[in-house]
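Okay, structure first, notes after.
The values are calculated or read from the model by the stated rules, or taken from the named source; none is laboratory data. From a predicted model like this one, the values you see are computed outputs, not experimental measurements. Here the Cβ positions follow ideal geometry from the backbone for every residue, glycine too, while neighbour counts run over all protein chains shown. Areas reflect the complete protein model, heavy atoms only, side chains present, ligands, DNA and RNA absent. Shrake-Rupley method; radii C 1.70, N 1.55, O 1.52, S 1.80 Å.
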Amino acid sequence: MAEARDESGEVRARLARPGLEVAPTLLGWTLSHTTEHGTVTVRLTEVEAYMGEDDPASHAHRGPTARNAVMFGPAGHLYTYLSYGVHWCSNVVTGEDGRASAVLLRAGRVVEGASLARHRRGGRVKDAALARGPGCLGQALGLHRGHNGMDLLGAGPLRLRPTPDLPPSHVASGHRVGVRLAHDVPWRFWVDGDPTVSAYRRSPRVRP
DNA sequence: ACGCCGATTCTC
DNA sequence: AGAATCGGCGTC
């Protein structure tokens, strides 16, 4: 028990750093969600860093609100928000307690529970596309508002597990997708050449 | 109270 | 290229 606690404490310490530092190291980590219907596990292939109050594209840019409160809390918890009134997007909270910082989970490879993930996604979806895109990843894992604030490192239904860092040559970086403000910083990271990574799309709202 | 806009995705 | 759709936040 002490070993398990020490291990999760060590992982939380790694997450309690600025999102930009944490984001590339999360590639390859797995996130599992277990329900009465089974477990779906995703291996992360694409993430984006959001740096809180200093980052105009972050939901925390204007300080704490009811929506973004979780981002100001301790690292290793889940921050979910509704995008365009349609999609639930998931973030891993990073940084020190009291400082807002998070990593948006943009895509992953489903490595467990593919049939359940496909059922949630509805219809015939190619394996590589089951969790491609932040909304799809959340849907494949069955994540929504009810999971906002949940600990990813405890005994609950959500579990984030680390893997050794990928070789730097396998990690690519570039502009964040779909953001209007601060769209030109290379804070998106993905596994180079992986078919489960989403296509880059510049926000139509970016000013020319 | 009201209106705009978004860390998107699917279909036409 | 455009619709769908809801919550947060700024403004009236």
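Given only helices, namely DSSP H runs of n ≥ 4 each adding -39500 (n - 2.57), what is the per-residue ellipticity at 222 nm of chain A, to the nearest 500 deg cm²/dmol?
Helix-only estimate at 222 nm: -5500 deg cm²/dmol.
How big is D, in µm² s⁻¹, for chain A by Stokes-Einstein at 20 °C and 1.002 mPa s if Rh is the Kirkwood radius over C-alpha pairs?
Result for D is 127 µm²/s.
Can you give the accessible area per residue of the stretch A:2-191, in Å², using a 1.4 Å probe?
That works out to 46 Å² for each residue.
Under 17 Å from a label point 7 Å along Cα→Cβ of residue A:67: give me every residue in the stretch A:90-106 with its amide N that close.
A:90-92, A:100-105
Sort A:184-192, A:10-18 by the packing proxy (mean of other Cβ within 10 Å over each peptide's residues), most packed first.
A:184-192, A:10-18
Select from A:169, A:115, A:58 the residue whose mean-square fluctuation is largest in a Gaussian network model of chain A (Cα-Cα springs shorter than 10 Å).
Maximum among the listed residues: A:169.
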